[in-house]
1. Principal axes first, then extents: for the Cα atoms of the stretch 60-199, list largest minus smallest coordinate on each axis, whole Å, largest first.
2. For the chain, which whole-number percentage of the solvent-accessible area (1.4 Å probe, protein heavy atoms only) is attributable to carbon and sulfur atoms?
3. Is there a quick way to get the dipole size of the chain? I mean about its Cα centre, with the Cβ of Lys and Arg at +1 and of Asp and Glu at -1; what is the value in debye to the nearest 20?
4. Keeping every protein chain present and rolling a 1.4 Å probe, give me the accessible area per residue for the stretch 108-234 in Å².
5. Please work out the FRET efficiency for the pair ASN213 and ASP151, using the Cβ-Cβ distance as r and a Förster radius of 45 Å; give the result to the nearest 0.05.
6. Suppose every Lys and Arg Cβ carries +1 and every Asp and Glu Cβ carries -1, with no other charges. What dipole size does the stretch 57-118 come out with about its Cα centre, to the nearest 20 debye?
7. Calculated from the structure, Rg/Rh (Cα atoms, Kirkwood Rh) equals which of (1) 1.01; (2) 1.21; (3) 1.11?
8. Quick one: compute the contact order of the chain, relative version, from alpha carbon pairs under 8 angstrom and 6+ residues apart, as a percent.
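The values are calculated or read from the model by the stated rules, or taken from the named source; none is laboratory data. What you see is a predicted model; the values in this text were computed from it and never measured. Every residue, glycine as well, gets a Cβ built from its backbone with ideal geometry; the counts of neighbours run over all protein chains shown. Note: accessible area is taken over every heavy atom of the protein model, side chains too, but ligands, DNA and RNA are not part of it. Shrake-Rupley method; radii C 1.70, N 1.55, O 1.52, S 1.80 Å.
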Amino acid sequence: MLRRKPTKIEVTIEDKEEIEEARSRAAAAVAIPSAVEVKLGLPDAAAHSKFKSLISEFHIKTVNQQNLFFDTPAAALASERAVLRLRFLDGVTRCVVSLKARAVLVDGVSRVEEDEEEIDPVLGRACAADPMKLGSIDSRIVRRCRDEFGDGKEMGFVCLGGFENVREVYQWRGMKLEVDETKYAFGVSYEIECESEDPEGVKKELEWFLKENGVDYKYSEMSKFAVFRSGKLP
């Protein structure tokens with residue numbers, strides 16, 4: 001039996017467009033990482049100190065954070081309710097680039113699309129010093145920004161500024177609590193955060209403990225970034 005030679009497959013421009021469209025649909029179908037957190041605000045340094053003393057035996061670590069935010073000159077990310085952040089941890093020890101989008105904060109429970117990637121902290125510092133470098137670094141998050149907000153083209157970024165945060169981490173009753181002291185140029189705020197798949201259960205447990213021990217609190221109404229952009233404490 002004679003074997004047939006394989007025929008040459010010709011790919012037309014229309015075929016290529018269909019292939020690219022299929023790839024785009026497949027990429028869009030990938031689940032976008034999300035974070036669900038309980039956020040309870042503490043009114044002052046006294047409440048912050050009192051809460052920390054109540055759970056001091058469960059303390060794991062203290063993390064010093066510097067948070068810087070970026071957008072294009074035309075605010076391409078903000079127009080889509082997104083923000084790009086560089087977070088430096090304990091000076092130049094670590095640097096994490098994050099893309100957050102479509103945040104919703106209701107009754108002390110925050111839901112936000114969030115994607116993170118760790119990068120070389122020296123490179124991160126270089127981008128902080130010259131934000132235009134940020135758009136050209138080899139980063140999955142930056143490529144996402146180009147694809148989603150820049151039509152696949154290289155993007156130029158400007159730094160919006162930022163704030164510092166001292167985060168005390170506790171392992172308490174099966175929950176990882178993050179107790180924050182956030183230092184803005186216009187004041188200091190205090191907050192308890194806890195990421196969980198059961199935010200209502202966590203909130204109930206925390207609220208009971210705070211009330212039982214006489215620690216004043218309220219449901220957070222704004223993200224730290226929103227507070228920073230407003231220029232005043234909530």
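1. 47, 31, 29
2. Values: 7000 of 13790 Å².
So the carbon and sulfur contribution to the accessible surface is 51 percent.
3. Details: 36 positive and 43 negative charges, 88 e Å.
Dipole of the chain, to the nearest 20 debye: 420 debye.
4. On the way: 6660 Å² over 127 residues.
Value for the stretch 108-234: 52 Å² per residue.
5. Values: r = 53 Å, r/R0 = 1.18.
Result of the calculation: an efficiency of 0.25.
6. My answer is approximately 140 debye.
7. The value matching this structure is (3).
8. Details: 403 pairs, mean separation 61.4, N = 234.
It rounds to 26 percent for the chain.
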